[in-house]
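Below is one structure, written out as structure tokens; the observations come after it.
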Amino acid sequence: MKRIMFFKIGGDKLHLPRLIGAFIIFAALLMFVRAGGEMFDSWDAVQNYPDCLSTIDSTDETAVQLQYLDCKDSLETMTGLSIRGGQWDLTQRQFWSAFLYPIANLFFWAAIFLVGTIFYKSGTIIIPIEQSIKDVD
């Protein structure tokens, strides 16, 4: 003999799933905006790297090294992309790896937003649990 028990969270007076969904939606929306900002910052940093290198004055060798390190550190701080010493141009792999993490982060928070919307719209969560009873002879 089998029985199925339903545990219900939520209902007419208890709106716990809606509350949880509202918090998830709010947090995901904030983090989605932050991830979008990081995506645009990384795009700007990669686009400004050649411009930063072109402003290096080539009269003093020490000044050239300091300006190069400043451009390199600025790119690494903004994107997390580390460049080998003496490398003046970005490779295609480096160019795209600077964007993949922020884009993946943006999609992750969009998915979390959808999960929060599902919680918010459901209103109740029903968990079915099956119980089996065996007769012993």
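Throughout, read-outs are computed from the coordinates displayed, never taken from laboratory work. All values derive from a computational prediction rather than experimental measurement. Every residue, glycine among them, receives a Cβ derived from its backbone with ideal geometry; neighbour counts consider all protein chains shown.
A few comments on the model shown:
- Of [x] 13, 44, 33, 10, 1; [y] 9, 25, 18, 13, 15, 15, 5, 0; [z] 11, 24, 17, 14, 12, 10, 6, 3, 1, 0, the label for P(r) over Cα pairs in 10 Å bins from 0, in percent derived from the coordinates: [z]
- Which of Cys71, Cys52 has the fewest Cβ neighbours within 10 Å, and the rest in rising order: Cys52, Cys71
- Axis angle, to the nearest 10 degrees, between helix 92-122 and the longest C-alpha principal axis of the chain: 20 degrees.
- Over all other residues within a Cβ to Cβ distance under 12 Å of Thr79, the charged ones net out to -4, with Lys and Arg as +1 and Asp and Glu as -1.
- For Asp44, net neighbour charge (Lys/Arg +1, Asp/Glu -1) across residues whose Cβ lies under 13 Å away: -3
- In terms of packing, defined here as the mean over residues of other Cβ atoms within 10 angstrom, the peptides 53-61, 33-41 line up highest first as 33-41, 53-61.
- Degrees between helix 61-79 axis and first principal axis of the chain (Cα, 0 to 90, nearest 10): 10 degrees
- Between 0 and 90°, nearest 10: helix 16-54 axis offset from the chain longest Cα axis: 10 degrees
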